[in-house]
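Here is the structure we will look at, set down as structure tokens.
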Amino acid sequence: MADLFLGSPFRRFLWGPTALREWQGSSAGALDWIETPSSHVLKFSVPGYGKDQIKVQLEEDNVLSIRGEGFGGKEEQLPKDSVWHVSERGKGEFARQIVLPESVRADQIKAQVENGVLTIVLPKEPAPAKPKTRAIPVSSKL
């Protein structure tokens, strides 16, 4: 049972560096992390950001870095005598880092942004074949 828990991607929450480093400076960033038999799929909310405003890169120690630059929406033209009372939509920049599982194929990572959702597909290495059970003959001489 311990292998099931300790072998999961969540083991890094307990024994490794922080797996998910928080968004900075924006209200964007809700994350869904789905694992399929062949890949991990990350989905981020990035409303208003286009592909030219988002940078995804793999850094040292298998850390995936996601950054957005430029205002997420179109800044409104307000009269000069306007007064801001609340500003919760962010300042146009965000950053997040995720420590990836070791089984990810770094050379095959793909990212796509569509309708305010950034989808990153992280293909996994195929699981090693389990050895078949076989009988080993026992002899009296080696």
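For the reader, a short list of remarks on this structure follows.
- Summed side-chain charge close to ARG105 - residues other than ARG105 whose Cβ falls under 15 Å, Lys, Arg +1, Asp, Glu -1: -2
- Relative packing of 124-135, 37-48, 103-114, which averages over residues the other C-beta atoms within 10 Å, highest first: 37-48, 103-114, 124-135
- In a fully extended conformation the segment linking GLU69 and GLU114 would gain 14.5 nm over its present Cα-Cα distance, using 0.36 nm per residue.
- Probe 1.4 Å, all protein chains present, accessible-area order of TRP84, TRP33, largest first: TRP84, TRP33
- Extended-chain gain in nm, criterion 0.36 nm per residue less alpha-carbon gap, ASN62 and LEU31: 9.3 nm
The values are calculated or read from the model by the stated rules, or taken from the named source; none is laboratory data. Note that this is a predicted model, so its numbers are computed, not measured. Positions of Cβ are backbone-derived with ideal geometry, glycine not excepted, and every protein chain shown enters the neighbour counts. In case anyone asks, the SASA skips ligands and DNA or RNA and just uses the protein heavy atoms, side chains included. Shrake-Rupley method; radii C 1.70, N 1.55, O 1.52, S 1.80 Å.
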